[in-house]
Amino acid sequence: EGAALLTMKHRGRVILMLRHPVDITEDMYYSRPGTTRGDIDGLVGYVNSTEYYDNWMTRMLANVPGHVPVTEDHYRTARQILENKFLIGMTSDIAETVQKRLKLYFGWKELPEERGCEIKYIKRAVMNLPSATLEWGSHWWRHVRAINHYDHKLFVRAQHTFGNQKMRVPIHSLVREEEKKVVNLAFAHLRDVKDERDSSDVPFFWHIPKASGTTVKEILSNCYGLIRTEMIQLPSSLKVFPNKRILNVDLSTPSAIAVAKNMRVADRGLADVFVSQLSLEGSNVFSTYHMGRAFTIMRHPVKLAASLFYYRRIATWEPTYRPDYKDITLKEYVEQESYYDNWMVRMLTNAKLGGLNENHLDLAKRILKDKFIVGISDHMDETFRQLELYYGWAEDKEGCTNFHLHSAPSNKNKYPVPERSGDAWNLIAEKNKYDMSLYYYALELFGDQSEKMFREEKTVEVQ
């Protein structure tokens, strides 16, 4: 009925907030005059009476009258509408719903004079949410659930949709414009790759996880004698460990980078190379006096996803260690709602959540072309040849780079690579279709930069 108020000229975009049907039933009963919270017998009697309106959500969506039993066909109709027409919110996760769904989708933001209002109401909603009186999984809980069988199925499906929408909900144009402003301001701290050299420029390595990053860092320190950034001792500080050639500053999170920027770490001349997995936030650490010159190493997204999955299975020393991944396959990992797709495009375009489109890819390509010397993990010898020419680096000991690349590469975890064009390969490639496009573009850039920027002049001796 509400949808009927709209027109083809002015269509609606619909929000649906959901709770578990058993919880809804409890609150419906206890809100009635004369009831006492905790009266289980009264609650059960209400549910068993002809007065009770079962499967309310399914009935509303599929337009099923109260006197007609709900069927599987009604459920399928309701599910189709739910998955295609609604932005799903969860009462059990109101902060996620408001801050990472509604604001992105509708372009809403707090008025300047109402700062803190959003958090206040989120906290109030959490505090005022009544506790359940039926123990989850108990006999009467299951009884109420069975009477609302189709609503329960719909709720479970909605939870899945809620998870999927996190990475796929379209971002409102107003939000996207704000994000692009942040992107442009951040990468303005980096030189364009073709800009004239300035002695004050500082190299910046965007470390893409599982793309030869550890090997690169060891070569920077051990072979070129460069001091690089990495927090190896809590807390983050400006302490330099000369023997390790490391500046103990943390650039792993946006908040840590903000602290480093406030310390004006780029202007202090303590590090020769800055390293961060956060391309955008990491760029902000540089200043107008010491701008960054960026490079990165890219890897095929399918191989990257597989490497990360198997690494997190065994990496007990990492905060991202996931022993539960030993119980699932690579394909099941990628199918999870929590799977973070298109990491490289998201990092470059500040689209950490929500759906992506060709505009994001175009922006990522422009940034990569303008701001980064591109290396490829499958071509590390050529990559380091180009880095040496671009930054003027030279080995302290001849053969050191070759040793690290071929005799003692770091973080070498053996794992089964998905069969090319197999089910797992195709699934990962499809989930990461924008990263796939960016990677193939990076291959072109790699060849183009090699040809136009790093072609060594060869002298021919005349006889």
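The values are calculated or read from the model by the stated rules, or taken from the named source; none is laboratory data. What you see is a predicted model, and the numbers here were worked out from it, not measured in a lab. Note that each Cβ is placed from the backbone with ideal geometry, even for glycine, and that neighbours are counted across all protein chains shown. We work out accessible area using only protein heavy atoms, side chains counted, and drop any ligands, DNA or RNA first. Shrake-Rupley method; radii C 1.70, N 1.55, O 1.52, S 1.80 Å.
What the table below lists for this structure:
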{"read-out": "Selection status of THR25, open to solvent by 60 Å² or more (accessible area, probe 1.4 Å), assigned to a helix (DSSP H, G or I) and in contact with a helix residue (DSSP H, G or I) (Cβ under 8 Å, 6 or more places away or on another chain)", "value": "no"}
{"read-out": "Residue match in segment 231-252 (condition: within 19 Å of the chain's Cα centre (by Cα) and either closer than 26 Å to TYR310 by Cα or modelled with pLDDT of 95 or more (or both))", "value": "yes"}
{"read-out": "Qualifying residue in segment 212-231 (condition: part of a strand (DSSP E or B), in contact with a Phe, Trp or Tyr (Cβ under 8 Å, 6 or more places away or on another chain) and either open to solvent by less than 50 Å² (accessible area, probe 1.4 Å) or without any contact (Cβ under 8 Å) to a residue 24 or more places away in the chain (or both))", "value": "yes"}
{"read-out": "Residue, surrounded by the most Cβ atoms within 10 Å (Cβ to Cβ), within segment 403-434, restricted to residues that are part of a helix (DSSP H, G or I) and of a type in the set (A, V, I, L, M, F, W, C)", "value": "ILE428"}
{"read-out": "Selection from segment 235-266 of residues that are of a type in the set (Ser, Thr, Tyr) and not in a loop (DSSP other than H, G, I, E, B)", "value": "SER255"}
{"read-out": "From ASP73, ASP39, residue being of a type in the set (Asp, Glu) and within 16 Å of LEU134 (Cβ to Cβ)", "value": "ASP39"}
{"read-out": "Segment 267-292 - residue that is among the hydroxyl-bearing types (Ser, Thr, Tyr), outside any helix (DSSP H, G or I) and over 21 Å from GLU218 (Cβ atoms) and, of those, nearest to the chain's Cα centre (by Cα)", "value": "SER287"}
{"read-out": "Helices (runs of 4 or more DSSP H) lying entirely in segment 72-121 (those with 2 or more residues that are open to solvent by less than 40 Å² (accessible area, probe 1.4 Å) and more than 15 Å from VAL156 (Cα to Cα))", "value": "94-97, 103-106"}
{"read-out": "Lone unmet requirement of (1) of a type in the set (Ser, Thr, Tyr); (2) surrounded by fewer than 16 Cβ atoms within 10 Å (Cβ to Cβ); (3) in contact (Cβ under 8 Å) with a residue 12 or more places away in the chain for THR133", "value": "(2)"}
{"read-out": "Hits in segment 319-335 - residues which are part of a loop (DSSP other than H, G, I, E, B) and either of a type in the set (Gly, Ala, Ser) or loosely packed, with under 11 Cβ neighbours inside 10 Å (or both)", "value": "PRO319, THR320"}
{"read-out": "Long-range neighbours under 9 Å by Cβ, at least six apart or interchain, first residue assigned to a helix (DSSP H, G or I) and modelled with pLDDT under 95 within segment 180-198, second aliphatic (A, V, I, L, M) and surrounded by 13 or more Cβ atoms within 10 Å (Cβ to Cβ)", "value": "LYS180/LEU363; VAL182/LEU280"}
{"read-out": "Among (1) assigned to a helix (DSSP H, G or I); (2) open to solvent by 30 Å² or more (accessible area, probe 1.4 Å) - the single one TRP141 does not satisfy", "value": "(2)"}
{"read-out": "Within segment 432-463, tally of residues that are modelled with pLDDT under 95 and either of a type in the set (Asp, Glu) or under 30 Å from ILE328 (Cβ atoms) (or both)", "value": "5"}
{"read-out": "Residue in segment 386-402 that is within 20 Å of LEU304 (Cα to Cα), out of contact with any Ser or Thr (no Cβ under 7 Å at 6 or more places or on another chain) and surrounded by 14 or more Cβ atoms within 10 Å (Cβ to Cβ) present", "value": "no"}
{"read-out": "Matching entry among SER377, SER437 (being open to solvent by 30 Å² or more (accessible area, probe 1.4 Å), closer than 29 Å to GLY282 by Cα, of a type in the set (Ser, Thr, Tyr) and in contact (Cβ under 8 Å) with a residue 60 or more places away in the chain)", "value": "SER437"}
{"read-out": "Residue in segment 297-318 that is open to solvent by 60 Å² or more (accessible area, probe 1.4 Å) and either aliphatic (A, V, I, L, M) or modelled with pLDDT of 95 or more (or both) present", "value": "yes"}
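Condition check ((1) in contact with a helix residue (DSSP H, G or I) (Cβ under 9 Å, 6 or more places away or on another chain); (2) closer than 30 Å to LEU427 by Cβ) across all residues:
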position: MET231; (1), (2): yes, no
position: SER236; (1), (2): yes, no
position: LYS239; (1), (2): no, no
position: GLY292; (1), (2): yes, no
position: ALA305; (1), (2): yes, yes
position: ARG313; (1), (2): yes, yes
